[in-house]
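Data first, discussion second: the structure below is written as structure tokens.
Each value in this text was obtained by applying a stated rule to the coordinates, not by laboratory testing. Treat the numbers as computed from the prediction; the structure is a model and nothing was measured. As a convention, Cβ positions derive from the backbone with ideal geometry for all residues, glycine included, and neighbour counts pool all protein chains shown.
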Amino acid sequence: MAAKATSWSKPVTKVLRADGVRVGEIDTAATPGFKGNKQDGEKLLQERGAVLSDLQERLYANGRSGDTRSVLLVLQGMDTAGKGGIVRHVIGSVDPQGVDHAAFGVPTPEEKKHHFLWRIKRKLPRGGQIGVFDRSHYEDVLVVRVHELVAPEVWGKRYDEINKWERQLVDNGTTLVKVAMFVSLDEQKKRLAQRLDRPDKFWKFNPDDIGERAYWPQYQEAYQAVLDRTNTEYAPWYVLPCDRKWYSHLAVTELLIDALQGLKLDWPPADFDVNEQKKRLAQA
Ligand code: AMP
Ligand code: MG
């Protein structure tokens, strides 16, 4: 089911597709496909959050009945792009028992001893779950490429490795929703400044984030390579403008609704005789 015609001029799954996108030309303050303002967006988010929640419950119910399919939301973006906000405002509308959340930071000494996909595979969603990756295997061709943490021959092979591995995931019943989140350099500065102004945001501030700003062009180049080389038919990228948080929350909600609707989930049938159980209950 498409989003309401009154709010979206075009489906979000079409307008955000990464096909042919030039990272340097993304309008990070845009609200592609959406006709309303912030207030409209926030109102619609309430409604659509309820739809998402219903679909998620179906996925979970089917998982409990042996369905091994899952959905994996991959959130990849620069600091302050709003990955945490997506988790709170989008994923927050669904039942936490149906969510497998994983955040990927600097690899631990143990993780460093293994292939880069090792720690990722350990966090894949189980059947019936929505997995959420706050950062992901893509860090291994982003921060790793920008800072030359491994040789170019090593990271250079990873794009194909990732494609192959994602193909397997999809074949095994995981629907991938890959979202590349973009803020402008100015908006990032504002958000970092806020983190320094507000005691309730200090915990999010990392002094290293300021230094990373000097590498902006290199990150743009690395993101471009990700979009050019890992935007496959079976696991496409969506490019999300993130200067307006309300838009990013609404758009990811729609992407997840679309992914779940694609699974055509009915409620699992009873594995008992309903009438017989009603009779038993009446007499109990
Ligand atoms: P945050 O998401 O703000 O908690 O920061 C996590 C940090 O871990 C970011 O600076 C990432 O670039 C970094 N990180 C994530 N994955 C890797 C990786 N595979 N190699 C090196 N650094 C990473
Ligand atoms: Mg950070």
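Overview of results
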item	result
Percent of beta bridges antiparallel (DSSP, the chain, rounded to nearest 5)	10 percent
Calculated log₁₀ intensity ratio I(q)/I(0) where the Debye formula runs over C-alpha points of the chain, q = 0.08, 0.11, 0.12 Å⁻¹	-0.37, -0.67, -0.79
Cα centre as origin, Lys/Arg/Asp/Glu Cβ charges: the chain dipole, Debye	420 debye
Order of Phe182, Phe205, Phe272, Phe133 - criterion: other Cβ atoms within 10 Å of each residue's Cβ, fewest first	Phe272, Phe205, Phe182, Phe133
Neighbour-count ranking [beta-carbon atoms within 10 angstrom, fewest first] of Leu281, Leu192	Leu281, Leu192
For region 1-97: relative contact order, % (alpha-carbon pairs under 8 angstrom, 6 or more apart)	27 percent
Cα centroid of region 1-61 to Cα centroid of region 264-278, whole Å	34 Å
GNM result for the chain, Cα springs below 10 Å: residue of Glu57, Glu25, Glu47 fluctuating most strongly	Glu25
Ascending count of other beta-carbon atoms within 10 Å, so fewest first, for Lys178, Lys189	Lys189, Lys178
Relative contact order (percent, whole number), the chain, Cα cutoff 8 Å, 6+ residue spacing	33 percent
For region 166-217 versus region 236-255, the gap between their alpha-carbon centres in whole angstrom	13 Å
